[in-house]
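The values are calculated or read from the model by the stated rules, or taken from the named source; none is laboratory data. As the structure is a prediction and not an experimental result, all values here were calculated from the model. Cβ atoms come from the backbone with ideal geometry, glycine included; neighbour counts cover every protein chain shown. With ligands, DNA and RNA removed, areas are computed over all heavy atoms of the protein, side chains included. Shrake-Rupley method; radii C 1.70, N 1.55, O 1.52, S 1.80 Å.
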Amino acid sequence: MDLVTPEKVAVRAGLPAALDADDRALVEEAIEDAFAEVASHLGRSPVPETFTQRGVVQDGRGGWCLDYEPVIEVVSATAETHPVNGALTGAYTIVYRAGLDPESDPRYGRVLRRYVTWSAAVSPIVRRLTQAKGVRLQTSVNVEGQGVVYESTQSAAGSGVAGAPPTLADLDEWVHHTVYQAPGRAPHPIETGTAWL
């Protein structure tokens, strides 16, 4: 899946469209960094992954009790056998693809593509490469011995202005909230003295 290509990042950063092998490698590293940043924010991979889970039992409704969601497809289901007598255990080894899918959710795909492209384009790696190619990122103005150097940039990130860079907050809708409950039975509210929630 070519959700974000080095050429798309190059266009956004103002680089010449034809990237040599070294430039391509640097832009790909910036793209990987942007995807890692998104994964950290979402609490899961921003693109589908393949998982293998052993000891899976059916959920009683024709499905499987799997650890990762949303499930995109079950690739294979292999019945497990007892290691000594070879009898079927009733459990299965399931290989499946799960996670957020920018191809099946076009809105998520657009937001993810836009964020990763912008993030890679403004990364220090790509900005140094852009300057090395002769593209001026800074402008200086001197009047009567006083000077100022400023960076020519677009609108502020997240400002809502057309063409402004997106922020990680644009992906908040897809953040994976982790809920943890210690194993075992929780104490009854009467035992703890706390009110029912």
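General remarks:
- Estimated FRET transfer efficiency (residue 21, residue 51; beta-carbon r; R0 30 Å; 0.05): 0.35
- Alpha carbon centroid spacing (whole Å) that separates region 37-75 from region 96-127: 20 Å
- Modelled FRET efficiency - R0 25 Å, residue 69 with residue 5, Cβ distances, 0.05 increments: 0.30
- Summarising the label geometry, the points placed 7 Å from Cα in the beta-carbon direction at residue 131 and residue 76 lie 5.2 nm from one another.
- Full extension of the segment from residue 173 to residue 84, taken as 0.36 nm per residue of separation minus the current Cα-Cα distance, would add 27.2 nm.
- Per residue, the solvent-accessible area of region 1-141 (1.4 Å probe, heavy atoms of protein chains only, all protein chains present) comes to 58 Å².
- Of 9, 95, the residue with the largest accessible area leads and the full order is 95, 9 (1.4 Å probe).
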